[in-house]
Every structure is written in structure tokens, then in C-alpha cells.
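J.: Following this message is one structure expressed as C-alpha cells.
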Amino acid sequence: MDIRRPVDEPESGTPGRPEVADRWFLSSEVYSRDMVTAYEVATFAGGCFWGVEEAFRTVPGVIETAVGYTGGSTVSPTYRDVCSGNTGHAEAVRIRYDPSTITYRELLERFFAIHDPTTANRQGPDVGDQYRPVIFYHSEDQEREARALIEELNRSRRYPRPVVTEVLPAGPFFRAEEYHQRYLQRLRERSRW
């Protein structure tokens with residue numbers, strides 16, 4: 001049975017899962033509420049989530065990454081649902097990071113270095129609205145920083161066309177199927193055998 005819920009939704013009431021009020025699960029790690037509040041969250045969509053996750057996963061200060069779906073209207077979408085183009089969701093990466101080690105601005109700069117911000121609904125060979133570039137902000141400060149950087153990039157003419165990366169409020173984030181998590185890392189590890 002595939003029961004999914006937004007990552008931000010509490011565990012309470014989920015069939016087959018214990019109620020967990022003071023812990024936050026990301027993978028095999030368990031963080032106490034005190035540890036979690038010291039970290040911040042960033043969410044980026046910029047093409048296939050495998051590559052975006054890999055670009056952030058090993059950055060110093062990034063505590064955890066998770067790939068999933070956000071920005072659409074379907075509750076608990078599957079990969080197949082999102083690829084149909086009917087859900088409105090983008091493939092995205094939610095990043096938990098330590099702001100004392102890496103700033104949100106540095107994460108934004110990394111994001112702009114790894115995707116084409118001048119192309120809507122396409123990144124490389126991947127075409128469809130699920131591949132649109134979006135910064136999903138979690139605070140007014142994040143929104144302000146994202147919009148300021150986009151304005152700065154447009155003024156600098158760093159790109160031959162205007163930046164079309166959207167800046168939208170973060171909504172429910174549905175963690176993708178487990179086989180998508182750390183996909184490129186696992187693929188690389190398997191190829192070593």
C-alpha cells in the first residue's frame with residue numbers, strides 16, 4: 001500500500017505509522033525538534049529532480065535532501081501522475097540546511113548555476129511543465145532574496161534572455177517514491193560493482 005502525505009504534515013493519524021510529535025524524519029536520520037528548528041528549508045525545481053538533488057546533496061551545510069512534487073493541485077501524486085502533465089506539480093528538491101554554514105543566497109547561486117533560468121517548461125532534454133524552474137520560498141526573506149537575485153541577473157545580462165524562473169510560495173511537498181531518492185548516487189554506486 002502506498003500511503004503518501006506532504007512532508008510538512010504531522011505523522012499523527014497516518015494509518016500504520018506511530019504518532020510522532022517531537023521528531024522529524026527525513027531518511028534514516030531522526031532529528032529532535034530542537035535540532036530541526038536550528039535548520040532552514042529551501043525548495044527548488046529546475047528540471048529532473050535527480051540532477052538537482054545531486055547538485056545540492058554534498059554541499060557543505062546541506063543536512064538533507066528529498067525529491068518530490070510540489071506546486072500543483074493533486075494530493076499525493078505519483079511520478080506517473082506528474083509526468084502526465086495534469087497535476088500542475090513540478091519535480092522539486094526540498095533541502096534542509098544549516099544557515100550558519102551556508103546561506104540561502106549561496107543556495108540560490110548554486111541553483112542558478114545548475115539550471116537554465118531562461119527556459120520555461122524545459123531543462124535540457126526534459127520537456128513539460130513538471131520541469132519548469134521555480135523557487136518555492138518558505139519565508140518573506142527567501143522571497144525577497146530570490147526576487148532580488150533574479151533582478152540582479154537580468155540587469156547583469158548574464159543570460160542571453162530574461163530569467164523566467166518563477167518565485168512562488170511553498171505549499172505541500174509530496175515526497176517522491178523511494179526509488180527516486182538519491183537516484184544518481186545509487187546508480188553510481190551500483191556501477192562500481
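The values are calculated or read from the model by the stated rules, or taken from the named source; none is laboratory data. Predicted model only: the values in this text are computed from it and were never measured. Here the Cβ is made from the backbone with ideal geometry for all residues, glycine too, and neighbour counts use every protein chain on show. What goes into the accessible areas is simple: the full protein's heavy atoms, side chains included, and nothing from ligands, DNA or RNA. Shrake-Rupley method; radii C 1.70, N 1.55, O 1.52, S 1.80 Å.
J.: Of all residues being touching a residue at least 40 places away in the same chain (Cβ under 8 Å) and surrounded by 12 or more Cβ atoms within 10 Å (Cβ to Cβ) in the stretch 140-161, which is farthest from R96 (Cα to Cα)? Just the residue, please.
T.: Y159
J.: So, in the stretch 148-193, exactly how many residues are of a type in the set (S, T, N, Q) and under 23 Å from the mean Cα position of the chain (by Cα)?
T.: 3
J.: Pick from the stretch 91-121 the residues that are at pLDDT 95 or above and in contact with an Asp or Glu (Cβ under 7 Å, 6 or more places away or on another chain): which of them is most open to solvent (accessible area, probe 1.4 Å)?
T.: R105
J.: Next up: Can you tell me which residue within the stretch 58-68, out of those that are at pLDDT 95 or above and not small (G, A, S), is nearest to the chain's Cα centre (by Cα)?
T.: Among those that are at pLDDT 95 or above and not small (G, A, S), it is V67.
J.: Condition first: modelled with pLDDT of 90 or more, among the hydroxyl-bearing types (S, T, Y) and out of contact with any Leu (no Cβ under 8 Å at 6 or more places or on another chain). Can you find one or more residues in the stretch 176-184 that meet it?
T.: no
J.: Checking P117 against (1) under 18 Å from the mean Cα position of the chain (by Cα); (2) of a type outside the set (S, T, N, Q); (3) assigned to a helix (DSSP H, G or I), which test does it fail?
T.: Going through the list (1) under 18 Å from the mean Cα position of the chain (by Cα); (2) of a type outside the set (S, T, N, Q); (3) assigned to a helix (DSSP H, G or I), P117 breaks only (3).
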